[in-house]
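One structure below.
Just so it is clear, none of the values below were taken in a lab; they were calculated from the coordinates. Computed from a predicted model, the values in this text were never measured in an experiment. Using ideal geometry, Cβ is built from the backbone for each residue, glycine included, and neighbour counts are taken over all protein chains shown.
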């Protein structure tokens, strides 16, 4: 399996990428990681899709293997859209499948809606953040179902604005084990993503946790524009996902012809919790989209 690794550079700093299976004949798959401030590592198991097509990983500016300029003016969605556009240009990805996970789905949707790019054969939006207000409402529903002591700890921190207490951190991890990754032992790839997280970028753009949103993305709303997507779209989520199935069904209704797959007994990282099922669902979706694009 041929692997290629390097950097593309433009305003603000260099972006790292890796291509696996460059020699494969299928339409390339470009993976857009979540966060913001996270890394590609937790998506590494999707390298298995390179059995039929090149799979392209990258770390957004300020993340992982990419350069880390300490300039928060670069941490805006327009800059990350430009980065995605440049990556396709530099790597010659004329035709491409895009898979955006969590905040990566925000970025992919923004790229399609603002740049109107050609050659996007399909979109897979996994655990998608497409409406901050709906995301926040979904997390409140999940928080309400938590044990009362954890719920009170979260409410206390949000009232005081102090999120440094160990109790809040413990409540946050209890939430993550219900709604981010339900595996008893987390895979090495997601542990690496959490270890490398650019916390300053995450807090600036999102907030102190997944369910306490204070950052610049708090007003991100793209649901009303989803009807403008014209390529095949697959939405995926877990039964206990932060992107709740009810919300993903709402998004599905807004996108003409969109498909939805809900992974039972799984949450936000359903590609890790149900790997075989995810690879089958994704692989079949990409193949069908390619056949229909000819």
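Relative to the longest principal axis of the C-alpha atoms of the chain, give the angle of the C-alpha long axis of helix 103-115, reported between 0 and 90° and rounded to the nearest 10°. In the chain, helix 103-115 runs at an angle near 50 degrees to the longest axis. Among 218, 95, 141, the largest mean-square fluctuation in a Gaussian network model of the chain (Cα springs under 10 Å) belongs to 141.
Working from Cα pairs under 8 Å separated by at least six residues, relative contact order for the chain is 19 percent. Taking each residue as 0.36 nm, the span from residue 136 to residue 191 lengthens on full extension beyond its C-alpha to C-alpha distance by 17.3 nm. With R₀ fixed at 22 Å, the C-beta to C-beta distance from residue 184 to residue 265 puts the FRET efficiency at about 0.95.
Based on every Cα atom in segment 243-294, Rg and the maximum pairwise Cα distance Dmax equal 12.4, 37 Å. Seen against the Cα atoms of the chain and their longest principal axis, helix 245-254 is set at about 40 degrees. Result for the chain in a Gaussian network model with C-alpha springs under 10 Å: among 280, 212, 247, the largest mean-square fluctuation is at 280. Taking the helices alone, the chain has a mean residue ellipticity at 222 nm of -12500 deg cm²/dmol, built from -39,500 (n - 2.57) per DSSP H run of at least 4 residues and averaged over all its residues.
Cβ neighbours within 10 Å, averaged per peptide: list 197-206, 231-240 in order, most packed at the top. Could you put the intermediate results ahead of the total?
Details: 197-206: 19.2, 231-240: 23.5.
Output ranking for 197-206, 231-240: 231-240, 197-206.
What residues of segment 105-131 lie in the reach of a label at residue 216, counting those whose backbone N is under 15 Å from a point 7 Å from the Cα along Cα→Cβ? From segment 105-131, the list is 107. Normalised by the number of residues in segment 171-294, the mean separation of alpha-carbon contacts (under 8 Å, six or more apart) gives a relative contact order of 25 percent.
Can you compute the FRET efficiency between residue 230 and residue 287 using 1/(1 + (r/R0)^6), with r the Cβ-Cβ distance and R0 = 30 Å? Round to the nearest 0.05. List each step's numbers first, then the result.
Numbers: r = 19 Å, r/R0 = 0.65.
Given R0 = 30 Å and the Cβ-Cβ separation, E is 0.95.
Note on segment 49-175: percent of Cα-Cα distances in each 5 Å bin, starting at 0 and stopping at the bin with the largest distance, equals 2, 8, 14, 16, 15, 14, 12, 9, 6, 3, 0.
When each of the peptides 96-106, 181-191, 35-45 is scored by how many other beta carbons lie within 10 Å of its residues on average, the order from highest to lowest is 96-106, 35-45, 181-191. Here is the tail figure for segment 198-251: Cα pairs spaced more than 16 Å apart come to 59 percent of all pairs.
Extending 7 Å from the Cα toward the beta-carbon at both residue 8 and residue 116 defines two label points whose distance is 2.1 nm. Measuring nothing but how far apart in sequence close Cα pairs (under 8 Å, 6+ apart) lie, relative to its length, segment 234-294 scores a relative contact order of 34 percent.
If you take every DSSP beta bridge fully contained in the chain, what fraction is antiparallel? Give it as a percent rounded to 5. Intermediate values should be presented prior to the final figure.
On the way: 14 of 35 bridges.
Looking only at bridges with both residues in the chain, the antiparallel portion is about 40 percent.
When restricted to Cα atoms, the chain yields an Rg and a Dmax of 18.2, 57 Å, respectively.
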